[in-house]
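Only one structure is covered here, and it is reproduced in the block below.
The values are calculated or read from the model by the stated rules, or taken from the named source; none is laboratory data. From a predicted model like this one, the values you see are computed outputs, not experimental measurements. Cβ: placed from backbone, ideal geometry, glycine included. Neighbour counts: every protein chain shown.
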Amino acid sequence: MTKKSALITGITGQDGSYLAELLLTKGYEVHGLVRRTSSINTARIEHILDKIQLVQGDLTDESSLVSAIRQTKPDEIYNLAAQSFVGSSWSQPIFTAETTAIGVTRLLEAIRTTGSDAKFYQASSSEMFGKVQATPQNEKTPFYPRSPYAVAKLYGHWITVNYRESFGMYACSGILFNHESPRRGIEFVTRKISDGVARIYHGLQDELRLGNLDSKRDWGFAGDYVEAMWLMLQQEKPDDYVVGSGETHSVREFCELAFGAAGLDWEKYVKIDPRFVRPAEVDLLLGDASKAKKVLGWKPKVTFPELVKMMVESDIELVAGEMKRKGKIPRSN
Ligand code: NAP
Ligand code: G4F
């Protein structure tokens, strides 16, 4: 039997790296779309670089997407690439729209015009629920985006639904709630906290500046969530699914657990800094993943306390390694 082939956009990101690992374990030939950068940014996929193939391309460049599809002939395409940081979407609203919104149409058009019959996964987001109209949020909850990022994701979601309905494409939209890991970008609040805890633990900094501690998120482990992406493309019919843990916790609770995991009292170190407060906030997200559980047989494995501990322990080790390389002595326990 010939190997299934997958093309992952955003393979250098958090989810791309976990998805690539998962697909390799399932025997896929894995291709990753990477954009041109001035320095190497393959740290998250360094350990599997010899097992995957990278192809140049950018969601803002249609011709590169057409070439990537012709070259890799994928059975499945996972569109994980995006300007994914909500905070930056206010300072770069046009780039966010170009990549996170119109980029989806470019990729769908590239599939359509090349005649590819690849199944398509779109990385939609719980941010689309924004100023939530009901709690918990499921596939039927109305959307109310609260940032240029969320508005762009909403466009990506509906264009995916539209291409499915217009052209009969196998196109799915996964409405994923926040998912984190030791590979999370440093600008996102969970990793900012776990990294801050590690630096405070090793004596490299004495405070951590954050914005709104009251906002609540449904946080899960990225490694669990990429499995839901794959499952969506293994069904008879394409559909849209909410994926979340079914628990919500505040940023304050995350701080409490994360500092606690290092034996520290968060209240001594966390300072509120208005620079990190957003122009419009999403106060509370809580996912109802009943449909994904029933139809896909998916469920999260890592609990919230396990996730926080995993991230803090990983950063304590990472910072210790950094210190040793600089000839400094890290704290030993
Ligand atoms: P991430 O770590 O920020 O990764 C984003 C990826 O997109 C990176 O590989 C980045 O490449 C690539 N990219 C950005 N602009 C591009 C462009 N113009 N052309 C090609 N590639 C481009 O994000 P993530 O956390 O893995 O999330 C994956 C996807 O899921 C994103 O679409 C995100 O919006 C969505 N999502 C995430 C969550 C979550 O909680 N993590 C929840 C819901 C939805 P570089 O490495 O070159 O920057
Ligand atoms: O970690 P965040 O930046 O993630 P956010 O905005 O929820 O977005 C993430 O999840 C979405 C899914 O719902 C994805 F679609 C998106 O791509 C991304 O992965 O912020 C979480 C919360 C916010 O309420 C923010 O105001 O934490 C609050 N927060 C408080 N202080 C902070 C900070 N966020 C950041 N990034 N930095 C702070 O200092």
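Worth a mention:
- Identity of the residue in the stretch 43-83, among the polar types (S, T, N, Q), within 11 Å of ligand 1 (Cβ to nearest atom) and closer than 22 Å to K119 by Cβ, that ends up surrounded by the fewest Cβ atoms within 10 Å (Cβ to Cβ): S64
- Matching entry among N79, N138 (being polar (S, T, N, Q), more than 13 Å from ligand 2 (Cβ to nearest atom), under 25 Å from K26 (Cβ atoms) and within 20 Å of the chain's Cα centre (by Cα)): N79
- The stretch 141-174 - residue that is within 20 Å of the chain's Cα centre (by Cα) and of a type in the set (G, A, S) and, of those, farthest from ligand 1 (Cβ to nearest atom): A171
- Within the stretch 175-187, one or more residues are closer than 18 Å to Q235 by Cβ, within 16 Å of ligand 1 (Cβ to nearest atom), of a type outside the set (S, T, Y) and at pLDDT 95 or above.
- Verdict on L22 being under 17 Å from the mean Cα position of the chain (by Cα), within 22 Å of G174 (Cβ to Cβ), surrounded by fewer than 21 Cβ atoms within 10 Å (Cβ to Cβ) and more than 8 Å from ligand 1 (Cβ to nearest atom): yes
- Inclusion of Y201 among residues that are aromatic (F, W, Y), within 14 Å of ligand 1 (Cβ to nearest atom) and surrounded by 18 or more Cβ atoms within 10 Å (Cβ to Cβ) is not warranted.
- Selection within the stretch 69-90 - out of contact with any Phe, Trp or Tyr (no Cβ under 9 Å at 6 or more places or on another chain) and either among the small types (G, A, S) or under 25 Å from A280 (Cβ atoms) (or both): A81
- Selection count, the stretch 256-292, where residues are of a type in the set (K, R) and surrounded by 17 or more Cβ atoms within 10 Å (Cβ to Cβ): 1
- For the stretch 183-194, a residue qualifies if it is surrounded by 20 or more Cβ atoms within 10 Å (Cβ to Cβ) and not in a helix (DSSP H, G or I), and exactly one does: R184.
- For the stretch 218-258, the tally of residues that are out of contact with any Gly (no Cβ under 9 Å at 6 or more places or on another chain), within 22 Å of T141 (Cβ to Cβ) and assigned to a strand (DSSP E or B) stands at 2.
- Top-ranked residue in the stretch 204-217 [being assigned to a loop (DSSP other than H, G, I, E, B) and more than 8 Å from ligand 2 (Cβ to nearest atom); ranked as farthest from R44 (Cα to Cα)]: D214
- Filter result for V34 (closer than 20 Å to A222 by Cβ, surrounded by 19 or more Cβ atoms within 10 Å (Cβ to Cβ) and either away from ligand 2 (no atom under 16 Å from the Cβ) or without any contact (Cβ under 8 Å) to a residue 24 or more places away in the chain (or both)): yes
- Of all residues in the stretch 275-296, those that are in contact (Cβ under 8 Å) with a residue 40 or more places away in the chain and assigned to a loop (DSSP other than H, G, I, E, B) have Cβ atoms under 6 Å from Cβ atoms of residues that are near ligand 2 (Cβ under 10 Å from one of its atoms) and of a type in the set (D, E, K, R), 6 or more apart or on another chain, in A280/R146; V282/R146; L285/R217; L285/D218; L286/D218.
- Unique residue being of a type outside the set (S, T, Y), near ligand 1 (Cβ under 10 Å from one of its atoms) and surrounded by fewer than 19 Cβ atoms within 10 Å (Cβ to Cβ) when the list is E109, E98: E98
- Among (1) under 29 Å from K26 (Cα atoms); (2) more than 9 Å from ligand 1 (Cβ to nearest atom); (3) surrounded by fewer than 21 Cβ atoms within 10 Å (Cβ to Cβ), the one test that P93 misses: (1)
- Close pairs (7 angstrom Cβ cut-off, 6 or more residues apart or separate chains): surrounded by 21 or more Cβ atoms within 10 Å (Cβ to Cβ) in the stretch 163-176, small (G, A, S) and not in a strand (DSSP E or B) anywhere: G174/A228; I175/S126; L176/S126
- You will find that of A320, A222, A289, the residue that is more than 30 Å from A171 (Cα to Cα) and touching a Ser or Thr at 6+ places or on another chain (Cβ under 9 Å) is A320 and no other.
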